[in-house]
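Report on the following structure.
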Amino acid sequence: MMRKTTKPFTFSNGMVVPGGTMIYAASDPVHLDSAIYPNADQFGGFRFERLTDQDSDDKDVDLRYQLVATSADYLAWGHGKHACPGRFFAAAELKMILGYLILNYDLRFEQPGVRPSACVFEAHRFADGKAKIQFKCREHP
């Protein structure tokens with residue numbers, strides 16, 4: 001999450017951030033913190049479902065772990081009053097696209113079992129744009 005200050009800002013401890021300064025929230029350390037997410041350094045396709053199941057008696061848990069939820073522990077959409085207002089629409093689109101792909105295609109990386117490395121630019125991490133994914137149409141009965 002990145003923000004640019006429009007004017008100087010003084011924190012309660014006296015630290016001053018000059019106007020025009022770029023400020024970043026450190027999302028990677030939060031998202032990869034094993035104290036927040038068990039086995040955070042490993043892919044877990046059902047991680048948030050399992051977290052919901054752990055606290056099944058708490059009705060707010062279902063809302064806390066939804067894709068569009070924001071919190072200080074999950075910064076993909078930003079947080080607070082500046083959280084992405086389009087996250088609900090974007091999440092619905094992503095689910096439809098992924099659902100279509102999963103139902104109609106078999107997918108794999110060009111080198112099966114090898115995850116392409118991430119590309120890092122400034123404070124951002126991106127999927128490798130040169131990585132190749134192979135698609136094969138599924139035959140439906």
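Yes or no: Met96 exposed (fewer than 12 other Cβ atoms within 10 Å of the Cβ), touching a strand residue (DSSP E or B) at 6+ places or on another chain (Cβ under 9 Å) and aliphatic (A, V, I, L, M)? Can you show your working first?
Details: exposed (fewer than 12 other Cβ atoms within 10 Å of the Cβ): yes; touching a strand residue (DSSP E or B) at 6+ places or on another chain (Cβ under 9 Å): no; aliphatic (A, V, I, L, M): yes.
No.
Note down all Cβ pairs under 9 Å where the first residue falls in the stretch 23-34 and is touching a residue at least 12 places away in the same chain (Cβ under 8 Å) and of a type in the set (Asp, Glu), the second is assigned to a strand (DSSP E or B) and exposed (fewer than 13 other Cβ atoms within 10 Å of the Cβ), and they're at least six residues apart or on different chains.
Asp28/Arg125
Yes or no: the stretch 50-64 includes at least one residue that is hydrophobic (A, V, I, L, M, F, W, C) and either surrounded by fewer than 10 Cβ atoms within 10 Å (Cβ to Cβ) or under 13 Å from the mean Cα position of the chain (by Cα) (or both).
Just the residues of the stretch 50-64 that are hydrophobic (A, V, I, L, M, F, W, C), to begin with: 51, 61, 63.
Among the residues that remain, those that are also either surrounded by fewer than 10 Cβ atoms within 10 Å (Cβ to Cβ) or under 13 Å from the mean Cα position of the chain (by Cα) (or both) are: none.
No, because not a single residue in the stretch 50-64 is hydrophobic (A, V, I, L, M, F, W, C) and either surrounded by fewer than 10 Cβ atoms within 10 Å (Cβ to Cβ) or under 13 Å from the mean Cα position of the chain (by Cα) (or both).
Take the stretch 3-23 and flag every residue that is under 17 Å from Gly80 (Cβ atoms), hydrophobic (A, V, I, L, M, F, W, C) and not in a strand (DSSP E or B).
Phe11
Assess whether Ile36 counts as being surrounded by 11 or more Cβ atoms within 10 Å (Cβ to Cβ), β-branched (Val, Ile, Thr) and under 30 Å from Pro141 (Cα atoms). If you could, list the steps in order and put the result at the bottom.
Numbers: surrounded by 11 or more Cβ atoms within 10 Å (Cβ to Cβ): yes; β-branched (Val, Ile, Thr): yes; under 30 Å from Pro141 (Cα atoms): no.
No; evaluated as a whole, the condition is false for this residue.
Which strands (runs of 3 or more DSSP E) does the stretch 45-141 wholly contain that include 2 or more residues that are modelled with pLDDT of 85 or more?
Fully inside the stretch 45-141 and qualifying: 105-109, 133-137.
Select, from Glu110, Glu49, the only residue that is touching a strand residue (DSSP E or B) at 6+ places or on another chain (Cβ under 7 Å) and over 28 Å from Tyr24 (Cβ atoms). So that I can check it myself, show each step before the final result.
Details: Glu49 fails: touching a strand residue (DSSP E or B) at 6+ places or on another chain (Cβ under 7 Å).
Unique residue meeting the criteria: Glu110.
I want to confirm something. Restricting to the stretch 3-21 and keeping residues that are under 21 Å from His79 (Cβ atoms) and of a type in the set (Val, Ile, Thr), which single residue is surrounded by the fewest Cβ atoms within 10 Å (Cβ to Cβ)?
Thr6
Which of the residues that make up the stretch 22-33 are among the β-branched types (Val, Ile, Thr) and exposed (fewer than 13 other Cβ atoms within 10 Å of the Cβ)? If you could, list the steps in order and put the result at the bottom.
Start the filter on the stretch 22-33 by keeping residues that are among the β-branched types (Val, Ile, Thr), which leaves 23, 30.
Correct list: Ile23 only.
The values are calculated or read from the model by the stated rules, or taken from the named source; none is laboratory data. Since the structure is predicted, the reported quantities are computational estimates derived from the model, not experimental observations. Backbone-built Cβ (ideal geometry, glycine too); neighbour counts: all protein chains shown.
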